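Here's the structure we're looking at; comments come further down.
The values are calculated or read from the model by the stated rules, or taken from the named source; none is laboratory data. All of these numbers come straight from a predicted model, not from anything done at the bench. So basically every Cβ, Gly included, is an ideal-geometry build from the backbone, and we count neighbours across all protein chains shown. Note: areas computed on protein heavy atoms with side chains; ligands, DNA, RNA excluded. Shrake-Rupley method; radii C 1.70, N 1.55, O 1.52, S 1.80 Å.
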Amino acid sequence: MADLQARIAGVVFRNPLIISSGPLTFNAEAILKAWRQGASGAVTKTITLHPAVNPTPHIARADAVGNLLNSEKWSDLPAEQWLHEEIPALRDAGGGVIIASVGHTAADVQVLAAPLAEAGAHMLEVVSYQSADMAPAVRVAKASAGVPVFAKVSANWPDLLETVEACLRAGADGITAIDSIGPALAIDIETRRPRLAGPWGFGWLSGAAIKPIAIRVVAEIALRWDVPILGVGGIAKAEDIVEMVMAGATAVQAHTAPLLHGPGWIGKTLKRLDEWLESHGIASLSELRGAALPYLSAGEDSRPLEFAYNPETCTECGRCVAVCAYGALGVDDKRMMRDRTLCRSCGLCASVCPTGALRISGKA
Ligand SMILES: Cc1cc2nc3c(=O)[nH]c(=O)nc-3n(C[C@H](O)[C@H](O)[C@H](O)COP(=O)(O)O)c2cc1C
Ligand code: SF4
Ligand code: SF4
């Protein structure tokens, strides 16, 4: 059994999988369900001074795969209910780390931060729609609540890194990256109407499609600051957790995958993570933190690619040949032929090979 434990700002998480803020954390009962499935922590649905009233419908599939659009607002429960019923119930039941999501302005956070910590939240996660609200909100949270404060940032902000810096200066103990991305729009072609209600039918994209953006943001933060990072966006399988940690995350949060696949996804993903680490001879997930960062550089390398081809694992499916826009590749009777005069070394053929029979082996 590999060591999956993560220690974040002095708080111990028994594994790196936390359920992020959203419908799966709408109250204590929902959070307890996630903990029972194995999640080490949960971020509450965002708590503000005024309960939300959501447009209907406000969650829809963005496509046939693992992506969602939502126009869901913050928590529809009154803050008083979180303070006097939901968080105390979680504290009394135990079983996971309670992270209270609080926003969206310094004024809200000023009122709510200390009572949330007193009610039993182990950590706070400050969130806002506006980047300019973040540092002031973090500052008041740090001044009033005696628990670690994370700042949740959005890749929608052009001043994302400046906001991270401002939040860290304001005392943030770590960064959660990223929120869902948008605005985005999906139309039901049968009804000709937007899939979501709300202004213009616009919503926010989450799931597998945003993972590469989340990975990039986490890496950008990890390259600049030595702070704990909770990586969130498109975590759908164990390998995604490994990738996020290699980009610099200390632990991850997920929402779209457990929402689409049901809470059983949590236990299955943790089991597969343990198997992956064991099969790669890695004793502790924390060993992998930032493992990809030394390979990120501002430079550019244009030398031609070399490939390794394994006829034993090749199924002759022809995908590598089909995707070559330059007609440079052929597979026949378990022989791979590449016309080097046509090949542009784009790398796509190896990246679509389903069995790993064709791999990039180096540079000429
Ligand atoms: C339906 C839905 C509601 C969400 N509500 C909140 C929220 O109240 N507060 C918040 O900080 N993030 C909220 N999020 C964003 C998620 O916590 C997460 O940052 C985002 O979905 C990316 O992760 P994922 O791709 O694993 O879903 C919501 C996401 C979804 C899908
Ligand atoms: S690297 Fe690109 S151009 Fe070269 S064979 Fe593969 S797909 Fe074709
Ligand atoms: S994609 Fe992979 S498995 Fe399919 S033909 Fe090419 S090398 Fe073989």
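General observations
- Out of Leu77, Leu24, sole residue that is in a loop (DSSP other than H, G, I, E, B), open to solvent by 20 Å² or more (accessible area, probe 1.4 Å) and of a type in the set (A, V, I, L, M, F, W, C): Leu77
- Gly299, sole failed condition from (1) more than 28 Å from the chain's Cα centre (by Cα); (2) open to solvent by less than 80 Å² (accessible area, probe 1.4 Å): (1)
- Residues located in segment 308-324, provided they are open to solvent by 60 Å² or more (accessible area, probe 1.4 Å) and either among the aliphatic types (A, V, I, L, M) or touching a helix residue (DSSP H, G or I) at 6+ places or on another chain (Cβ under 6 Å) (or both): Arg319, Ala322
- Considering residues of segment 289-315 that are of a type outside the set (Gly, Ala, Ser) and at pLDDT below 95 only, the residue farthest from ligand 2 (Cβ to nearest atom): Glu300
- Within segment 246-263, one or more residues are assigned by TED's automatic domain parsing to the domain that holds Ala60, without any contact (Cβ under 8 Å) to a residue 24 or more places away in the chain and open to solvent by less than 30 Å² (accessible area, probe 1.4 Å).
Table: residues versus (1) surrounded by 14 or more Cβ atoms within 10 Å (Cβ to Cβ); (2) touching a strand residue (DSSP E or B) at 6+ places or on another chain (Cβ under 9 Å).
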| site | (1), (2) |
| --- | --- |
| Ile266 | yes, yes |
| Ser286 | yes, yes |
| Pro294 | no, no |
| Glu306 | no, yes |
| Tyr326 | no, no |
| Asp332 | no, no |
| Arg344 | no, no |
| Gly356 | no, no |
| Ala364 | no, yes |
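- The lone exception for Pro194 - which of (1) in contact with an Asp or Glu (Cβ under 9 Å, 6 or more places away or on another chain); (2) more than 20 Å from Val245 (Cα to Cα); (3) touching a residue at least 24 places away in the same chain (Cβ under 8 Å) it fails: (3)
- Residue ranges of strands (runs of 3 or more DSSP E) in segment 160-252 with at least 1 members modelled with pLDDT of 95 or more and within 26 Å of Gly267 (Cβ to Cβ): 174-177, 203-207, 229-232
- Residues in segment 331-358 that are near ligand 3 (Cβ under 9 Å from one of its atoms) and part of a strand (DSSP E or B): 3 in all.
- Residues located in segment 121-139, provided they are closer than 21 Å to Pro78 by Cα and surrounded by 18 or more Cβ atoms within 10 Å (Cβ to Cβ): Ala121, His122, Met123, Leu124, Glu125, Val126, Val127, Ser128, Ala137
- Of everything listed in (1) in contact (Cβ under 8 Å) with a residue 24 or more places away in the chain; (2) within 16 Å of ligand 1 (Cβ to nearest atom); (3) outside any strand (DSSP E or B), the single unmet condition for His50 is (1).
- Residue match in segment 318-341 (condition: near ligand 2 (Cβ under 8 Å from one of its atoms), over 25 Å from Ala238 (Cα atoms), in contact with an Asp or Glu (Cβ under 6 Å, 6 or more places away or on another chain) and modelled with pLDDT of 95 or more): yes
- Number of positions in segment 120-148 that are over 21 Å from Asp92 (Cβ atoms) and either acidic (Asp, Glu) or touching a strand residue (DSSP E or B) at 6+ places or on another chain (Cβ under 7 Å) (or both): 10
- Against the list (1) in contact with a Lys or Arg (Cβ under 6 Å, 6 or more places away or on another chain); (2) closer than 27 Å to Gly38 by Cα, the condition Arg303 fails is (2).
- Residue in segment 271-282 that is assigned to a helix (DSSP H, G or I) and within 16 Å of ligand 1 (Cβ to nearest atom) present: yes
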